[in-house]
1. In nm², what is the average projected area of the convex hull enclosing the Cα atoms of segment 249-378?
2. Can you give the extra length, in nm with one decimal, that the chain gains between Y94 and A122 once fully stretched, where that is 0.36 nm per residue apart less the Cα-Cα distance?
3. If each of L301 and A428 carries a label point 7 Å out from its Cα toward its Cβ, how far apart are those two points in nm?
4. What is the spin-label model distance, in nm, from R339 to C217 if the labels are put 7 Å beyond Cα along the C-beta direction?
5. Compute the semi-axes of the equivalent ellipsoid of the chain, taking the square root of 5 times each eigenvalue of the Cα gyration tensor, and list them largest first in whole Å.
6. Once you have a ≥ b ≥ c as the square roots of the Cα gyration tensor eigenvalues for segment 217-258, tell me rounded if a/c is under 1.5, and otherwise prolate or oblate according to whether a/b is larger than b/c.
7. For the chain, with a Gaussian network of springs between Cα atoms less than 10 Å apart, report the residue from P205, P248, P141 with the top mean-square fluctuation.
8. When the distances between all Cα atoms of segment 285-324 are binned every 10 Å from zero, what whole-number percent does each bin get?
Amino acid sequence: MWKVDRFDRQNLLHAIPMANMVLDAGGRIEFSTQRRIDLSDSYGRKEFANRIEDAYEESKIKSDRIRISKDTIRRNKAFDGRPPYGYQTVGEKYNKQLVHDPITSAIVRKMVEWCLDGDTLAGIAKRLDDLSIPVPNKRKPSVNGWAPKTVKDILTSETLIGKRHGAKGKIINTFDPLIELDTWHKLQTLIKMNERKRGSVVKAPGTLSDISFCGTCGRIMHYRSIPDKKNPAYVWTGYRCDGTSKDPSKCKNMVSAAPVYEAADEAVMAIGHWPNVVTEWKAALDVTAELDRIEAELRGLDYDELDWRETQDRLIAERDELKQSEVKAGELRLYLDGRTVADVYRADKRAWLLEHGWTFTVQATGRGQRPAVMVHGRESLTETIAKATGLTADQVMAVQWIPILAALQERGLPTDQAEIRRIAQQAASK
Ligand SMILES: [Zn+2]
């Protein structure tokens, strides 16, 4: 038995052959509103035609409505969908905008603070659970609690700096950021550094594993090496968009590794003469632990020692100073070490790409053709060098770095920004 609703996306011309197939197979045709339609008489057949066309018109209007509303949303630069964590939507239908959610935005800022203080992703998840904070999109704390992966997704999302990307990497919304761009970069460096320490990301199969994305659907491309059946000495290596077992990909996007690696090399080596910036994180001093240590030392003073009184005075002074000092956040230190981008990249390409947060969008373009490779990340590298040197981003891109680096090295690689700027200007004007 067939319900005629099944035909609702097709007009009468499509419906008739289908109806014949159903009847030939000995089936019956029913409408949801009128139980039985007798196709053996003229009245029944006319009724059938009317209902099919009505249903078709209705579905056309429905999809038109969806298209028009999507267009309106795009034209208004409005937000469509579920707001990212930390935000809520305000405004009329088709003109919704993202603003900070008073509660979850405070939680996000807290998470950022903990991360900058040296907490791990798992540590942050535990702290959120301890405070009975519900996971995103839930009103009450759940039994399973926060997963480190959820914490990471929130802390590495560009929504924190007011950007939202579409499937192909294009920015489709901009809004009021929750944290400063500077803080965001610190955060990404820290999270990557912690991951590298655990070794989970570095030991990936391919140079571009986890950092190359499909040009069609935006999902991660997986590294594959497939030996040739006829010629076992030959192994194909490349990246493929295959989705997950639950949600396999239909893109058929598959690219050989070599041309993608070449494109990555080319992009990095184009700025290979730029200075390498060392990013060092000085964790915040744990005041409580430090006070405990001083107390323990005070209690353990050996009064047989000749200088016990001096030691005691020093410890008490240290303790008082510590008590008065404000709780400081960790500190990020950036400096040039005289090496170039090329030096460091060549030593370990994957480590360099991860450290600097570069990602790739790759797309096959046809048999025998080179794949299209889009490189993202140069912008933040420019910012990092600008930050380390005190130059503007434009200056970083414009100056000839080789003579500047030579001049800086001659002076023992100063860390004072005013001096770096002066040397850079001097070298640039020569
Ligand atoms: Zn894909």
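1. Numbers: hull surface 57.7 nm².
Hull-based average projected area comes out at 14.4 nm².
2. Working: separation 28, 0.36 × 28 = 10.08 nm, distance 3.83 nm.
Additional length available on full extension: 6.2 nm.
3. Here the modelled spin labels are 5.7 nm apart.
4. Here the modelled spin labels are 3.8 nm apart.
5. Working: eigenvalues 663, 204, 101 Å².
Semi-axes (√(5λ), whole Å): 58, 32, 22.
6. Values: a/c = 3.10, a/b = 2.10, b/c = 1.48.
It comes out prolate by the Cα gyration axes.
7. Result for the chain, Cα springs under 10 Å: P248 fluctuates most.
8. In whole percents, the pair-distance histogram is 31, 53, 16, 1.
No value in this document is a laboratory result; all are computed from the given coordinates. Computed from a prediction, not measured in an experiment: that's the story for all the values here. Virtual Cβ from ideal backbone geometry, glycine too; neighbours counted across all protein chains shown.
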